[in-house]
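This report concerns only the one structure given below.
The values are calculated or read from the model by the stated rules, or taken from the named source; none is laboratory data. What you are looking at is a predicted structure, and each value in this text was computed from that prediction instead of being measured. Heads up, the Cβs are rebuilt from the backbone with ideal geometry, glycines too, and the neighbour counts pull from every protein chain shown. Surface accessibility is based on the protein's heavy atoms, side chains included, excluding ligands, DNA and RNA. Shrake-Rupley method; radii C 1.70, N 1.55, O 1.52, S 1.80 Å.
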Amino acid sequence: MIRREGFERRYGGLCYQVRNSYAAESERREQLRSWHFDLGQNMWRDSGHGWYFDWLGERVSSPVRYLIHTDGRVGVEDGSGAFIEIAPSIRALIESHALTDSASTWDRADTLDIDSFALAQRLCGLTEIPEASGRTIKWRASRAVAVMEFQE
């Protein structure tokens with residue numbers, strides 16, 4: 001169980017940058033985002049159990065509010081008032097960011113002009129990365145391929 005004070009003591013002031021790349025107009029572009037872990041002032045009771053509170057995560061214009069649940073999960077709120085899990089813990093979020101940063105210089109396969117059979121052969125034998133995975137996010141990787149699956 002995470003308490004506000006424990007979160008502040010452990011993660012308050014932690015900051016790092018994450019590189020990510022994407023294809024736009026057949027050109028690779030890189031994006032650098034800064035993450036700062038500091039508590040906000042708001043706290044809400046979860047309809048199930050526990051509480052969640054806001055925190056300042058990604059310091060860019062964002063359509064969501066970042067949240068930490070007292071059970072340790074990381075989530076967002078998109079204006080609906082519901083806690084939407086994005087990672088099972090802060091540690092898993094940090095590990096996921098580290099994998100995103102590591103793979104940011106790799107060739108991406110997010111376009112439709114890929115040979116799906118060749119891609120499927122490369123995906124065989126990927127190992128799950130449990131430190132960065134959970135119920136809503138799963139990372140699998142090899143030395144040459146990394147796959148992040150996300151589901152709400």
Item checked: Residue under evaluation PHE7, criteria (1) part of a strand (DSSP E or B); (2) surrounded by 15 or more Cβ atoms within 10 Å (Cβ to Cβ), criterion not met -> (1)
Note to self: Looking at segment 132-152 only, could you name the residues that are small (Gly, Ala, Ser) and open to solvent by 40 Å² or more (accessible area, probe 1.4 Å)?
What the structure shows: SER142, ALA144
Margin query: Residue under question is ASP38, and the condition is that it be open to solvent by less than 50 Å² (accessible area, probe 1.4 Å) and under 20 Å from THR136 (Cα atoms); does it hold?
Written below: no
Next item on the list: Return a yes/no flag: does segment 59-71 have any residue that is aromatic (Phe, Trp, Tyr) and either open to solvent by 60 Å² or more (accessible area, probe 1.4 Å) or not in a loop (DSSP other than H, G, I, E, B) (or both).
Entry: yes
Notebook entry, point to check: List the pairs whose first member sits in segment 21-39 and is more than 17 Å from THR100 (Cα to Cα) and of a type in the set (A, V, I, L, M), whose second member is part of a strand (DSSP E or B) and open to solvent by less than 100 Å² (accessible area, probe 1.4 Å), and whose Cβ atoms are under 6 Å apart, counting only residues at least 6 apart or on separate chains?
Noted result: LEU39/TRP55
Margin query: Regarding segment 73-96, can at least one residue be identified that is in contact with a helix residue (DSSP H, G or I) (Cβ under 9 Å, 6 or more places away or on another chain), crowded, with 18+ Cβ neighbours inside 10 Å, of a type in the set (Ser, Thr, Tyr) and not in a loop (DSSP other than H, G, I, E, B)?
Written below: yes
